[in-house]
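Heads up, the thing below is written out as structure tokens.
The values are calculated or read from the model by the stated rules, or taken from the named source; none is laboratory data. This one's a predicted model, so the numbers in the text were calculated from it and none came from an experiment. Glycine gets a Cβ as well: all are built from the backbone with ideal geometry, and neighbour counts include every protein chain shown. In case anyone asks, the SASA skips ligands and DNA or RNA and just uses the protein heavy atoms, side chains included. Shrake-Rupley method; radii C 1.70, N 1.55, O 1.52, S 1.80 Å.
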Amino acid sequence: MGQISSSELVNGLKAKCHAALQEVMPKADVQGVPYALVDYPFYANIGDSAIWVGTRKWLEEHHGAPPAYVCTTFDLSTSKLDSLVRDGPIYIKGGGNFGDLYPAHHRFRFELVRRYGSRVVHLPQSLHFDSDQAFEDTKELAHCGGTLMVRDHPSFALAEGLGFEPLLVPDAAFYLGPQQRIGVPDRDLLVLKRTDREDTGDAISGVDWGGEFPMTWAYAAVKSAVREKRLSKLAAFDELTAMRVSRGFAMLSRGRAVATDRLHGHIMSVLLGIPHFVSDNSTGKLTAFGEAWTFEAGFAHRRTALSTITRAEAQAIAQ
């Protein structure tokens, strides 16, 4: 690939998302058709919030309207969904929870697919299974029907093994489009490192973005209600994820360069045009995604461990 700007890369991947949805569900056929968007990230993960915000832009542009029904994994109401969406599509937010690493999300996926079958569209996912039995059990999802989009080649192979005819599609966060830094950098290297179940144990100090102030959800709900002049679940969801994504962009913007083992640390650094180092998480999804979509463009500098990065290297890529 020839040298391209980060904006060109981002816009190109955004266009691939658009083309994939057009293939699955032609825009002319779904304009104005009610739809559901489920698996809202109620937890404080900025990467999943970026996926939600990008997905909202993606689907609203395609359907010409916001979703008629939204929910988390723990407040699904099939009666409300049936009433509001009727025969329309049901989109499950993309991410990295297809498989047995996050059981609650996978159980939720089964519940939806068993009830709604081919109406379900799994938006771009990374697949991971620790258990052979879980993999075998998940073949039921393909048998029930529906569309599965995957974010990388290993996930594509797993999806085919399950019996799907998957589509290879970039992460929905690219629908946010190119972004500008927030504020002025105050350090040579900002290290964003996982502290959750996907941590590799790399011995380097850094920050993670999983926490937030208590009652942030309540603040977002009140703020959205004041703006909308009514209580709206969708508006509250959107307000909360927008706040999280802004916080993530601000955090990354503090570094003249970034080092991360988070997939969305990488993706959001690309959106911002910030030079950065990457090292994989425990499931390999960062490398798998980068090899499919972003590494060839040369914006990310790969390392086997973030702890091997020197200050001189960080200063060099930030030039």
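A few points about this structure:
- Annotation note: of Gly32, Gly54, Gly94, Gly99, the sole residue that is at positive phi and modelled with pLDDT of 95 or more is Gly99.
- Residue-level analysis places Phe237 outside the set of residues that are surrounded by fewer than 23 Cβ atoms within 10 Å (Cβ to Cβ) and out of contact with any helix residue (DSSP H, G or I) (no Cβ under 6 Å at 6 or more places or on another chain).
- Residue selected from the range 27-43 under the condition under 16 Å from Asp87 (Cα atoms), part of a loop (DSSP other than H, G, I, E, B) and of a type outside the set (Gly, Ala, Ser), by the criterion most open to solvent (accessible area, probe 1.4 Å): Gln31
- Of the residues Gln315, Gln319, the single one that is loosely packed, with under 15 Cβ neighbours inside 10 Å and touching an Asp or Glu at 6+ places or on another chain (Cβ under 6 Å) is Gln315.
- Test: residue in the range 250-271 that is modelled with pLDDT under 95 and within 16 Å of the chain's Cα centre (by Cα): no
- Residue pairs whose Cβ atoms lie under 8 Å apart, sitting 6 or more positions apart in sequence or on different chains, and linking a residue in the range 211-226 that is touching a residue at least 24 places away in the same chain (Cβ under 8 Å) to a partner that is among the basic types (Lys, Arg) and open to solvent by 60 Å² or more (accessible area, probe 1.4 Å), are Glu212/Arg247.
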